[in-house]
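Chemist: Pasting a structure here, questions to come.
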Amino acid sequence: MKYNLNDKPGIPHLLMYGLQWFIVTIPSIIIIGIVAGGISSGDASEQVFYMQKLFIAMGLITVVQILWGHKLPLVIGPASVLLVGIVSAQSSGAAATYTAIMVGGALTALLALSGLLRRIRFLFTSRVITVILILIAITLSPVILKLIVSDKPHASFNLIFALLLTLVLVVTNYAMKGVWKSMTIVIGLIGGTVVYSLLKGFSGFPQAETSIAGFAVSPSSFFFPFNPEFNVGTILAFVFCFIALIINELGSIEAVGQMLKADRLDRRVKRGTSILGISNLVTGSMGIIGPVDFSMSAGVIASTQCASRYTLIPAGLALVACALFPPVIEIFSGVPGVVLGCVMLYLMATQFASGLQMLILEKSIGSFNDALIIALSLMVAMMISFAPQEAFEPFPTLLRPILCNGFVMGVITVLLLEHLVFRHSKN
């Protein structure tokens, strides 16, 4: 490594590496933020304000984790598993949804700070983790499909364009070497937007109606833009989403920590997960999707040969600076839905591939029953994710956020099969 974990590069190198981390971080915020913001509000100004809050939150949380949390060079971005929960909880309303995120964040922090997290880690066997990784990809498939074919008159064109662009992303990622591999998504977003705009005719970016003190709407609604609404069903559904979030966080911290041979890894896990929980509590109160650390950070570190955690501080501050300029956010928000859907398709394919790779590396399937645990859990999730809404109308309102959520039902199924029905098949 040119710079080790606690090394402090000079200002020129600090800014250079910080710019690389900033570029790597941007795509996840744009993609997931635009989708989540669009669900929260159909108003252009409100969506821009949502993105501004998200940029500020991700930037500040990055700095806090680097200085006081896990203290590892990890990219932070909106959690795709929470997007699954937000999509599934649309009928419950924004207040109930983001209140559930607040509660989930508080419970996560409590588990980490109390030490209870170590006692329940036995639940997360290799098969359970594999299913959860794949479930996120499967249950976001309807969202991806809607982004791609929502423009009915041009649905066929958009579908063909998305498939071709996805193939380009795969080939680009295969051909790229070193740090350029992490630029695949950036290239896809920029290149896809330019090509699609040329083919369809550029219509311009959405414009915020007002701008007050650098924000698209009044900053008075920065925190608590809604009255908290404690919907038991929605909260329980998000508890399962946070189980996946915790697994993701533990995997990211341990992967990078072991790669860099970081000391006191257990303490880093405890601090990082605690701050993750508190961060979700805060972002929920802001009415925006919560964060998680991304495991792709290891690839960036290996390619740049820079493991200094301090290089992420300029990246975090740059995210905050972006939020103060609504026109910049408007440009980000102008990415066509078909391009967003295509990039999400590529990202979820890589997530699916990670799950399949884990099956092989962890030797998770040793018998037919082991395979059935995975297969049935995924089939349950797919059936529920693509079932028509009319099928869920007879269910009690309290249970709908759980029974109508393909991800949650998939997680419940794999836990029941793994630890009760086929408990003798555990690793």
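Any read-out appearing in this document is the output of simple, stated calculations on the displayed coordinates, not a laboratory observation. These numbers were taken from a predicted model, which means no experiment stands behind them. Positions of Cβ are generated from backbone atoms using ideal geometry, with glycine treated the same way; all protein chains shown enter the neighbour counts.
Chemist: Can you give the helix-only mean residue ellipticity at 222 nm for the chain, where every DSSP H stretch with n ≥ 4 adds -39500 (n - 2.57) and the sum goes over all residues, rounded to the nearest 500 deg cm²/dmol?
Modeler: Only helices count here, giving -22500 deg cm²/dmol.
Chemist: Now a separate question. Could you tell me the relative contact order of the chain? Use alpha-carbon pairs under 8 Å, at least six residues apart, and round to a whole percent.
Modeler: Numbers: 661 pairs, mean separation 156.5, N = 427.
Rounded, it is 37 percent for the chain.
Chemist: Also: In terms of Cα to Cα distance under 30 Å, which lysines are near enough to Lys8, apart from those fewer than 8 places away along the same chain?
Modeler: Cα-Cα hits under 30 Å: Lys53, Lys71, Lys177, Lys181, Lys261, Lys270.
Chemist: Additional query: Could you tally the net charge around Ser303, taking each other residue with its Cβ under 9 Å from the Cβ of Ser303, Lys/Arg +1 and Asp/Glu -1?
Modeler: Numbers: positive: Lys177, Lys181; negative: none.
Every neighbour counted, the sum reads +2.
Chemist: Among 21-29, 88-96, how do they line up by average Cβ neighbours within 10 Å per residue, starting with the highest? Mind showing how you got there, number by number?
Modeler: On the way: 21-29: 22.2, 88-96: 18.7.
Ranked by mean Cβ neighbours within 10 Å, highest first: 21-29, 88-96.
Chemist: Take each of the peptides 102-115, 300-313, 46-59, 354-367, average the number of other beta-carbon atoms within 10 Å over its residues, and list them starting from the highest.
Modeler: Going by the mean number of other Cβ atoms within 10 Å, highest first, we get 46-59, 300-313, 102-115, 354-367.
Chemist: How compact and how long is segment 237-306, expressed as Rg and Dmax of its alpha-carbon atoms in Å?
Modeler: 13.4, 41
Chemist: So which helices of the chain fit the span-like rule, where a helix is a whole DSSP H run, its Cα atoms reach 24 Å or more along the axis, and its mean Kyte-Doolittle is at least -1.0? If you can, show how the numbers build up before the last one.
Modeler: Values: long enough: 11-40 (40 Å, 1.69); 44-68 (36 Å, 1.14); 94-114 (30 Å, 1.59); 155-175 (30 Å, 1.92); 232-259 (40 Å, 1.71); 265-286 (31 Å, 0.06); 337-361 (35 Å, 1.74); 368-386 (27 Å, 1.96).
Sorted by number, the helices that extend far enough and score high enough are 11-40, 44-68, 94-114, 155-175, 232-259, 265-286, 337-361, 368-386.
Chemist: Rounded to the nearest Å, what's the spacing between the alpha carbon centres of segment 291-336 and segment 225-262? Just the number, please.
Modeler: Here the answer is 20 Å between Cα centres.
Chemist: Oh, and also: Give, as a single signed number, the net charge of other residues whose beta carbon lies under 14 Å from the beta carbon of Ala109, with Lys and Arg counted +1 and Asp and Glu -1.
Modeler: Details: positive: Lys270, Arg271; negative: Glu249.
Local charge sum for Ala109: +1.
Chemist: At a Cα cut-off below 20 Å, give the lysines reachable from Lys363, other chains included and same-chain residues fewer than 8 away excluded.
Modeler: Filter leaves Lys426.
Chemist: Got the relative contact order for segment 1-106 handy, in percent, Cα pairs under 8 Å and 6 or more residues apart? Display every interim value, and only then the final one.
Modeler: Numbers: 51 pairs, mean separation 29.5, N = 106.
Taking the mean separation of contacting Cα pairs over the length of segment 1-106, I get 28 percent.
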